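Q: One structure, pasted below without further comment.
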Amino acid sequence: MMKPSIYGLTFEQLTAWLLEYGHKKFRTTQVWEYLYRKRVTSFEEMTDVNPECLKLLAEHFAIQTLAEHTLQESADGTRKFLFKLSDGNLIETVLMRHKFGLSVCVTTQVGCNIGCSFCASGLLAKSRDLTSGEIVEQVMKAQLYLDKEQQGDRVSHLVVMGIGEPFDNYTNLVDFLQVIKDQKGLAIGPRHITVSTSGLTKKIMDFADNDLGVNLAISLHAPNNELRTRIMKINRALPIEKLMEAIDYYLAKTKRRITLEYILLKDMNDQVEHALELVELVADRGSLVNVNLIPYNPVDEHSQYQRSEPESIRAFYDTIKKNGLSCSVRLEHGTDIDAACGQLRSKQIKASKDQVPQESAAR
């Protein structure tokens, strides 16, 4: 049986576990510092930790559970990792360079069941949730990659926007956030962390109640139910009215700004009329809403969608701004590699299937 990742334990959970096995509370601080400050990759490297404690940890946990399968390097400094999990599944993680620092985009599930019709992540159905440890380890792998470059760089920002729906893996998501925010460890500030959801309304409200201090982004992508249902099948069960109720609950509870993500699809949702509908939908939320426009990265399997023309993007942006709402256009990273989320993974899986020997494929 595969051992769970020790990265999956929050500081409090590790403390409780060690106390249960008869070890002193200060051992947690020792182990935590080795994991997240010294960033060791084996228990043997924790040289001044009690040997019996190390033996116990090694019997129950693993530090390394992800293996690098593929690494793509972009001219703009973006690095896209394809990691193989201990059960053989593949996931994507992206390291991006910005003017404000280095950010990592993590995956939360193997595959995705949300079924957005434009998205490469949903080309393969969800097979399982990632553990909190597997999500944390993605950040650690990116940081270890930076450590090897010996430039003193550290991951400063984090986005939970990779493969999967984070709120469909809620408990592991929350544990992951507690680990990476911990000031004794990676100490990534909550204002530098953004979680994106397709709109699971109950979980949006739970997230508000938890008040973890991190940023929330909602994948909206359309200003009305008819169009959003065509693009995102989740809208059938959770239409825009329910989504806006959850958003209003979040805004009232947290007083924190929310980002509405809007992917621009040529001649589908990118016209000025759509921008005006969007203004009408969110105008009452005023300064607590930012609209983030996302130029589409085309996916071969979704050839019905194309990238909006630059003129359409500009007109949409100008319309939002002229009506007094905050608006931005997402900067693109890794356009010379498999830019769309899930694209590299689906290509690798398809390639491996194509390489099946003929006698096996004929069975």
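Q: Please list the non-local residues whose amide H lies under 5 Å from the amide H of Cys327, H modeled 1.01 Å from N, same-chain partners needing a gap of 5 or more.
A: Those qualifying (amide H under 5 Å, at least 5 residues apart or on another chain) are Val291.
Q: For Trp17, Trp32, what's the largest-to-smallest order of accessible area, 1.4 Å probe?
A: Listed by decreasing accessible area, they come as Trp17, Trp32.
Q: Please list 3J(HN,Hα) in residue order for the stretch 320-326, calculated via the Karplus relation 6.51 cos²θ - 1.76 cosθ + 1.60 where θ = phi - 60°; whole Hz, with x for glycine and proline.
A: For the stretch 320-326, the Karplus curve yields 4, 5, 5, 9, x, 9, 6 Hz.
Q: Further question on the same structure: What are the ³J(HN,Hα) values, in whole Hz, obtained from phi via the Karplus relation 6.51 cos²θ - 1.76 cosθ + 1.60 with θ = phi - 60°, for each residue of the stretch 8-19 in sequence order, with x given for Gly and Pro?
A: Per-residue couplings from phi come out as x, 8, 6, 4, 5, 5, 5, 4, 4, 5, 5, 4 Hz.
Q: To the nearest 10 degrees, how steep is helix 26-36 against the longest Cα principal axis of the chain, on a 0 to 90 scale?
A: With rounding to tens, the tilt is 50 degrees.
Q: Relative to the first principal axis of the alpha-carbon coordinates of the chain, what is the inclination of helix 240-254, with its axis defined by its Cα atoms, in degrees from 0 to 90 and to the nearest 10?
A: Orientation of helix 240-254: about 50 degrees from the principal axis.
Q: For the chain, which whole percent of the accessible surface, found with a 1.4 angstrom probe, sits on carbon and sulfur atoms? Spell out each step's value before the answer.
A: On the way: 8190 of 16700 Å².
Here it works out to 49 percent.
Q: Pairing the Cα long axis of helix 272-282 with the longest principal axis of the chain, what angle in degrees results, from 0 to 90 and rounded to the nearest 10?
A: It works out to around 60 degrees.
Q: Mind listing the phi-derived Karplus ³J(HN,Hα) values for the stretch 79-95, rounded to whole Hz, using 6.51, -1.76 and 1.60 with θ = phi - 60°, and x for any glycine or proline?
A: Couplings: 10, 10, 9, 10, 9, 9, 7, 5, 9, x, 5, 10, 9, 10, 9, 10, 10 Hz.
Q: Considering only DSSP states other than H, G, I, E and B, which chymotrypsin sites (Phe, Trp or Tyr not before Pro) in the stretch 51-122 qualify as loop sites with at most 11 other Cβ atoms within 10 Å?
A: Taking the stretch 51-122 and a limit of 11 other Cβ atoms within 10 Å, the loop chymotrypsin sites (Phe, Trp or Tyr not before Pro) found are Phe100.
Q: Determine the per residue accessible area of the chain with all protein chains present and a 1.4 angstrom probe, expressed in square angstrom.
A: Accessible surface, normalised per residue, equals 46 Å².
Q: Using the alpha-carbon centroid of each, what span in Å lies between the stretch 153-227 and the stretch 300-323?
A: Each part reduced to its Cα centre gives a spacing of 26 Å.
The values are calculated or read from the model by the stated rules, or taken from the named source; none is laboratory data. Treat the numbers as computed from the prediction; the structure is a model and nothing was measured. FYI the Cβ positions are ideal-geometry reconstructions off the backbone, even for glycines, and counts take in every protein chain you see. We work out accessible area using only protein heavy atoms, side chains counted, and drop any ligands, DNA or RNA first. Shrake-Rupley method; radii C 1.70, N 1.55, O 1.52, S 1.80 Å.
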